[in-house]
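For reference, the structure is listed below as structure tokens.
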Amino acid sequence: MVRLSKENGLNCVLALALLAAPFVATALDEPFYITLATRVAILAIAGVGLNLALGLGGLVSFGHAAFFGLGGYAAGILASHALNYEPILSSPFELNGTTQMLVIWFVALLVSGLAALLIGFFSLRTSGVYFIMITLAFAQMIYYFAISWPAYGGEDGLSIYVRNVLPGVNTMDPISFFMIAFVLLMLVILFSSMIKNSRFGAALQAARQNDERLATVGIHPFGIRLTTFVISAMITALSGALFADLNRFVSPDMLAWHMSGEIMVFVILGGVGRLFGPVVGAALFILIESVFGGISEYWMFYLGLVLLGVVLYARGGVIGFLAGKEKHD
Amino acid sequence: MSFLTVRGLETFYGPSQALFGVDLDVNEGEVVALMGRNGMGKTTTISSICGLVKYGAGSIEFLGQDVGPLPSHRIARLGVGLVPEGRRCFPNLTVYENLIAAARPGDWTLERINNLFPRLKERFDQYANTLSGGEQQMLAVGRALMTNPRLLILDEATEGLAPVIRQEIWAAVRDLKRTGQSILIVDKTLSELLPVADRCVILEKGTTVWTGTPAELTTDIENRYLGV
């Protein structure tokens, strides 16, 4: 029987609150808040991705914007070719774009997975501050490449005129689009929980605690770290693809270092390694942005204060503060 | 059949030489006691076998394969299970997670570990760092067994434990011997070690100086190589 721990109870409340948000917004005739709730769900997916690497594996990646942006550009490039009826490739074979979300997600996962394999292969040979710097460096390389690539808008970015399509769902309807993001968020959280409670998850956490000890029981820490890094990147790319669809716009900003920082802030605010930490973190971030952003352009100052408070007085993030120290189910 | 064959092993820590020629064999189903005073190279020998320290000269073969070029995780996968000195569990994992993290298919399952150490079963959901020293040691042995090793290496498995817990560990070692498990064991408690050992290997200043059965171990040899 599943025990309902304090954290599980809190997680259920959080999931229900997020699910209810767009419906409450509709009832109050405030459709803007549906978009905010959708942003929370989408950015939380990016946080769940990073949380796997950072929270479980102890991999402080400062380059996850690369995967977020790659997901976004996968959506943008495929959709813009399809909408303009221009093939991506005409020889040796014709390759057309698509507006099908399922295909776009698949491409986003594939491209980011391959990129993460390459980036992780080199980055994971380092640790600590070197790992942070090398992941940042890779992300910045992709960022500057996007800026200097005029075919897809360069610095100006790339517009997607119509939201991509998912069979049986009207993606232009804000609540339907929110539901797509929400369902995907729940799925990645479930997947993340399965990893955390699996043998692989135990080995990953063991690798964070002691490499050498893990090697003496026959597990190569590099292999499980690389696998985690790739999975983490793929989840973040899925978020990027959805984010591109939400805004119907992709720009190099999605690849910039401050995006990596934002994703990390979601995780730290909510609680590193906590299942719903990124959901709370993203919600708090967007709440502060929308509330204080309307009052002052220096809203990041207030975000900084909250982050400072969490780091100094609530090391387990908001989830840790509310649900206490992590307990295994 | 010889599981482990060590010949002329020389190991260095930077410029300092720790082993000057260790010879050692462990055959199938055999319990071999690796003995010697503190600082004579027992742990370095074990670290070299497990690939934690790269050796400079000599050879180590496990199941006929040269393990010299292999990284430690590959050596472990060949079937060398190490219980390191100082009960090194994964402190922030539960007992269950410590056991399953490294589990490989074979005769050793969670159920058998529970039968060997019933205390662990009661602590399955506890973090390893909340266990007593003895329980951590049992967990370290259990974790090594869950990899289903062909050769189990116990490095000072009873050091610093209460007498009653030591008895439990020794009882487990005797159980393992009865099941035909090959074991290389380092321990200072000769009164417990000698009855369980099939053969003894004594190291002195990084060199194998004596090999024989416990019955052949005379007081003279004991005083010369093992006395304080």
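Some notes on this structure:
- Once backbone amide H atoms are built at 1.01 Å from N, A:ASN96 has A:ILE88 as its partners under 5 Å, excluding neighbours fewer than 5 places away on the same chain.
- Cα pair distances in the stretch B:76-228, grouped into 10 Å bins until the bin that holds the longest one, percent each: 11, 40, 32, 14, 3
- A Förster radius of 51 Å combined with the Cβ-Cβ distance from A:PHE93 to B:ARG37 puts the calculated FRET efficiency at roughly 0.10.
- Taken along the Cα-to-beta-carbon direction at a fixed 7 Å, the label points for A:THR126 and A:VAL162 span 4.6 nm.
- Value in Å of the Kirkwood radius, where the stretch A:193-329 supplies the Cα pairs that are averaged: 17.0 Å
- Geometric extent, Cα atoms of chain A - Rg, Dmax (angstrom): 19.6, 61
- Placed amide H near B:THR207: partners under 5 Å, 5+ positions off or other chain: B:PHE20
- Taking amide H positions as modeled 1.01 Å from N, with prolines and chain starts lacking one, no residue 5 or more places away or on another chain lies under 5 Å from B:ALA103.
- Violating pairs (Cα-Cα greater than 29 angstrom) within the set A:LYS196/B:LYS177; B:LYS54/B:LYS188; A:LYS325/B:LYS54; B:LYS42/B:LYS177: A:LYS196/B:LYS177; A:LYS325/B:LYS54
- Pairwise burial A:B, computed as accessible area of each alone minus the pair, summed, 1.4 Å, Å²: 2000 Å²
- Note on the protein assembly as shown: semi-axes of the ellipsoid equivalent to its C-alpha gyration tensor, largest first and rounded to whole Å, are 56, 26, 19.
- The protein assembly as shown - mean residue ellipticity at 222 nm from DSSP helices (-39,500 (n - 2.57) per run, n ≥ 4, rounded to 500): -17000 deg cm²/dmol
- With θ taken as phi - 60° and the Karplus curve 6.51 cos²θ - 1.76 cosθ + 1.60 applied, the whole-hertz 3J(HN,Hα) list for the stretch A:6-23 is 4, 5, 4, x, 4, 4, 4, 4, 5, 4, 5, 5, 5, 5, 6, 3, x, 6 Hz, x standing for glycine and proline.
- Per residue of B:88-100, other chain Cβ atoms within 10 Å of the residue Cβ number 5 on average.
- Note on A:ALA314 and B:SER191: with the Förster distance fixed at 56 Å, the Cβ-Cβ geometry gives a FRET efficiency of about 0.55.
- The 3J(HN,Hα) values that the Karplus relation (6.51, -1.76, 1.60; θ = phi - 60°) gives for the stretch A:140-146 are, in residue order, 5, 4, 5, 4, 5, 5, 5 Hz. Gly and Pro appear as x.
- The GluC sites (Glu not before Pro) found in the stretch A:214-305 that occupy coil by DSSP, while having at most 15 further C-beta atoms within 10 Å, are A:GLU297.
- Alpha-carbon centroids, the stretch A:1-62 and the stretch B:21-67: separation in whole Å: 53 Å
- Inter-part distance where the stretch A:191-226 and the stretch A:79-141 are each reduced to a Cα centre, Å: 26 Å
- 3J(HN,Hα) couplings calculated from phi for the stretch A:30-43 with the Karplus curve 6.51 cos²θ - 1.76 cosθ + 1.60 (θ = phi - 60°) are, in sequence order, 10, x, 4, 6, 5, 5, 4, 4, 5, 4, 4, 4, 5, 5 Hz; Gly and Pro show x.
- Antiparallel DSSP beta bridges within the protein assembly as shown, as percent of all bridges there, nearest 5: 60 percent
- Per-residue shielding of B:101-111, expressed as the average number of other chain Cβ atoms within 10 Å of the residue Cβ, stands at 3.
- Within the same chain, aspartates and glutamates fewer than 8 places from A:LYS6 are excluded, and of the rest, those with a Cα less than 18 Å from its Cα are A:GLU326, A:ASP329, B:ASP125.
- Note on the stretch B:2-226: antiparallel DSSP beta bridges, both residues inside, total approximately 55 percent of the bridges counted.
- The stretch B:2-226: relative contact order as a whole-number percent, Cα under 8 Å and 6+ apart: 29 percent
- Candidate cross-link partners of B:LYS121 among the aspartates and glutamates, defined by an alpha-carbon separation under 12 Å and a same-chain spacing of 8 or more, comprise B:GLU111, B:GLU135.
- Among A:ALA151, A:ALA17, A:ALA44: highest mean-square fluctuation, GNM of chain A, C-alpha pairs under 10 Å: A:ALA151
- Other protein chain C-beta atoms within 10 Å of residue C-beta, averaged over A:194-201: 2.
The values are calculated or read from the model by the stated rules, or taken from the named source; none is laboratory data. Just so it is clear, the structure is predicted and the values come from calculations on it, not from any experiment. Glycine also receives a Cβ, built like all others from the backbone with ideal geometry; neighbour counts cover every protein chain displayed. Heavy atoms of the whole protein, side chains included, go into the accessibility calculation; ligands, DNA and RNA do not. Shrake-Rupley method; radii C 1.70, N 1.55, O 1.52, S 1.80 Å.
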